[in-house]
Amino acid sequence: MLNIKTTKTTNPKPLPEADNPLTFGTIFTDHMFMMNYETGKGWFDPRIVPYQPLNLDPSTMVFHYAQEVFEGLKAYKTKEGGTLLFRPERNAKRANDSNRRVCIPEVPEKDFIQAIRELVKLDEKWIPEKEDTSLYIRPFFIATDPFLGVRPSHTYLFIIILSPVGAYYPEGLNPIKIWVEEKYVRTVKGAIGDSKAGGNYEASLLAQVKAKEEGYSQVLWLDGIDRKYVEEVGAMNIFFKIKGKIITPELSGSILPGVTRDSVITLCKDWGLPVEERKISILEIAEAQEKGTLEEVFGTGTAAVISPVGSLKWEKMIIEVQDGKIGDLSKRLYDTLTGIQLGRVKDEHGWTVKV
Ligand code: COI
C-alpha cells in the first residue's frame, strides 16, 4: 500500500460551466499524482500535488527516444452521487504489459489503482454529470534520465492527470467517416503495436493529417506485411457485423488489447450473438457491402466508447454502411456499456469499482 502525501492546491480553478461541451482532453483538474523511480531504489515518494508543469532538463530521455507508456480510463458519477471506475485492474495490467515491452519498471497493480482512487476522490467534484460525459483518467510513465545515449533510463516518473470530457469525436454518436490507409503502416507484429506507447500514435499522425484533409475523421490501419487485413482505427478497436456475425480482428500482437473491445465481446456473447476474433481482410468487407450483408461497423475505445462508422474509403471505393445511420447493435452496446458505467444497468460481470 502506498503512503501518498497530499498537498492541496491553495488556488482551485473554476469548474467548467454547465454548458461547456468539454472538448476531449482540453481541461484539467486541480491535482495530479506523481511518483519517482530510481534503479536500486524502486518507486518512491508517491504524492498528490497541485496540477502543474513539469520541470525537466532538455536532455531528458523521453524527449529524444520516446520511452513512454500511457493508459486511459474513466470515472463516472452515479445518480445517487457515488463514483465508479470501469475495470481499472485491466488498465493496471495493461500498463505493466506495455512497461515491460519498453523497459519501464512495473508498478504493483494495487498501487496503480490506489493512486487513481485517491486522486479521483480528491478531485471528485470535477466529474461532470451531464449525459455522455465523464472524467477521463490519464496515467503515464516517462523516462527522465538527462542523457542522450540510447538505453533504458535509470529514472522514471509515473504521473496521473484527470480531465472532464464529453464525446471524443465531434460527431458524438453520429457515424464517422474512415480512411483506409494504403501507403503508411502503424506497426508490425514484433514491434510495439500492442503496447500503449506514445510511439504508436506518433506513427499514425501523418496518415491522420492526410485523412483529415480529405474529410475523414480517422484512419483504419491494415496489417504492415500483406496490407490486406484490418488491424485497428487511430484511437479505437474495430468491429464488423456481417450477416449476423460480430467479427473483430484477433489480438495478433500488433493490435491494442482494448478494455472496451473485451467488454463488447463479452456483452455480445451474453446476448447470444456469434463473435469471431479472426483475420478479416478489407476485401471481405467490401464484398460484404456489395452483397448487402455488411450490417454494421463500429469502433470501440475508452475515449470513444462505441463509435458507429458510416463509411470507409478504400482505394477508389467508398464502402457505405447502414446508409450512414447508427445501427441497432451499436446503439444497444453504447446504452448498455454506459448504463453499466453509470450504475444504471446491472453489472453482471463485476466490472465497476466504487471509489
Ligand atoms: C483511450 O481510448 O483511452 C485512448 O487511449 C485513445 C486515446 C489515444 C485518445
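No lab work stands behind these numbers, since they all come straight from the coordinates. Source: prediction; values computed, not measured. Every residue, glycine as well, gets a Cβ built from its backbone with ideal geometry; the counts of neighbours run over all protein chains shown.
Remarks
- Electrostatic dipole magnitude of the chain [Cβ: Lys, Arg +1; Asp, Glu -1; Cα centre; debye, to 20]: 480 debye
- Site pair Lys93 and Glu129 shows an inter-label distance of 3.5 nm when each label is modelled 7 Å from Cα along Cα→Cβ.
- Relative contact order of segment 37-95, pairs being alpha-carbon contacts under 8 Å that are 6 or more residues apart, as %: 20 percent
- Tensor-based shape of segment 71-208 (alpha-carbon gyration tensor, a/c under 1.5 rounded, otherwise prolate or oblate): oblate
- Placing pseudo-labels 7 Å out from each Cα toward the beta carbon at Arg344 and Lys316 gives an inter-label distance of 4.7 nm.
- Across the cross-link table entries Lys243/Lys316; Lys77/Lys125; Lys212/Lys245; Lys183/Lys291, which are compared at the Cα atoms, the separations over 21 Å belong to Lys243/Lys316; Lys212/Lys245; Lys183/Lys291.
- Volume of the Cα convex hull of the chain, divided per residue and given in Å³: 142 Å³
- When you count the other C-beta atoms within 10 angstrom of each residue and take the mean per peptide, 17-24, 241-248 line up highest first as 241-248, 17-24.
- A Förster distance of 51 Å, applied to the separation of the beta-carbon atoms of Leu148 and Asp328, puts the FRET efficiency at 0.40.
- Order of Ser281, Ser163, Ser263 - criterion: other Cβ atoms within 10 Å of each residue's Cβ, fewest first: Ser281, Ser163, Ser263
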